[in-house]
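Below: the structure, in structure tokens.
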Amino acid sequence: GAVVSQHPSRVICKSGTSVKIECRSLDFQATTMFWYRQFPKQSLMLMATSNEGSKATYEQGVEKDKFLINHASLTLSTLTVTSAHPEDSSFYICSALTRTGENTIYFGEGSWLTVV
Amino acid sequence: GDSVTQMEGPVTLSEEAFLTINCTYTATGYPSLFWYVQYPGEGLQLLLKATKADDKGSNKGFEATYRKETTSFHLEKGSVQVSDSAVYFCALRRGTGPGGSNYKLTFGKGTLLTVNP
């Protein structure tokens with residue numbers, strides 16, 4: 001079946017540095033990908049909707065200059081956390097929308113970010 | 001705005017026990033409702049869905065019925081197995097039609113289920 005892969009699954013970075021998380025659809029093309037963030041014992045919160053070839057649409061309260069999203073191809077979207085701080089430590093998960101069939105959404109495995 | 005409330009976990013059951021995880025929602029119009037499951041170390045997988053009132057979604061022995069009058073979509077399984085141990089998320093999608101933004105999901109907090117042998 002369709003698979004969405006995220007990389008890295010876990011990353012630790014120093015405060016003030018930037019870190020990039022990749023989201024790939026492995027066997028289908030995805031015009032739209034979604035980035036979510038989850039704090040412990042909280043809901044998955046939508047951060048932004050990423051459309052191939054255009055600027056991402058950010059949800060209210062999400063800093064677009066801090067969370068840079070690039071969807072340069074139909075199989076890859078990246079989330080870059082710039083100048084990371086400990087409060088950015090969280091679980092980030094992406095999902096991808098297929099272009100065909102039932103327009104199904106597939107989720108990646110998620111990425112744990114720890115900023116120290 | 002839209003919101004989903006599901007029962008607090010964790011839930012611990014013995015094998016073959018009956019499972020209910022409550023989920024209620026707040027949304028305008030007629031949202032589609034979903035249950036996702038996340039097994040340890042894996043991404044979220046769609047478990048079942050219902051797109052209109054009184055629809056029953058079912059998969060792998062799990063069932064949930066879209067109740068508009070009570071704005072609920074409770075997940076049930078008659079006899080759980082150890083392999084059902086996972087985190088379960090209730091979610092809604094309000095949009096319909098073409099356009100990627102219509103597929104934004106609003107999630108509940110998730111309920112951790114542990115099934116002991």
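The values are calculated or read from the model by the stated rules, or taken from the named source; none is laboratory data. What you see is a predicted model, and the numbers here were worked out from it, not measured in a lab. FYI the Cβ positions are ideal-geometry reconstructions off the backbone, even for glycines, and counts take in every protein chain you see. Surface areas here come from the heavy atoms of the whole protein model, side chains and all, with no ligands, DNA or RNA. Shrake-Rupley method; radii C 1.70, N 1.55, O 1.52, S 1.80 Å.
Residue A:31: open to solvent by 40 Å² or more (accessible area, probe 1.4 Å), of a type in the set (Ser, Thr, Tyr), within 12 Å of chain B (Cβ to nearest Cβ) and touching a residue at least 60 places away in the same chain (Cβ under 8 Å), yes or no? Yes: the conditions hold for residue A:31.
Looking across segment B:94-115, the residues that are more than 8 Å from every other protein chain (Cβ to nearest Cβ) and either at pLDDT below 90 or assigned to a loop (DSSP other than H, G, I, E, B) (or both) come down to B:94, B:95, B:96, B:97, B:98, B:99, B:102.
Scanning segment B:35-58 for residues that are within 11 Å of chain A (Cβ to nearest Cβ) and either in contact with a Leu (Cβ under 6 Å, 6 or more places away or on another chain) or closer than 17 Å to residue A:38 by Cβ (or both) yields B:36, B:37, B:38, B:39, B:40, B:41, B:42, B:43, B:44, B:45.
The combined condition, being under 18 Å from residue B:7 (Cβ atoms) and open to solvent by 70 Å² or more (accessible area, probe 1.4 Å), is fulfilled by residue B:76. So which residues in segment B:8-38 are assigned to a loop (DSSP other than H, G, I, E, B) and either free of Cβ contacts under 8 Å to residues at least 12 places away in the same chain or open to solvent by less than 60 Å² (accessible area, probe 1.4 Å) (or both), if there are any at all? Selection gives B:9, B:17, B:27, B:29, B:31. Checking each residue in segment A:90-116 for being outside any strand (DSSP E or B) and buried (at least 17 other Cβ atoms within 10 Å of the Cβ) picks out A:108, A:109, A:110.
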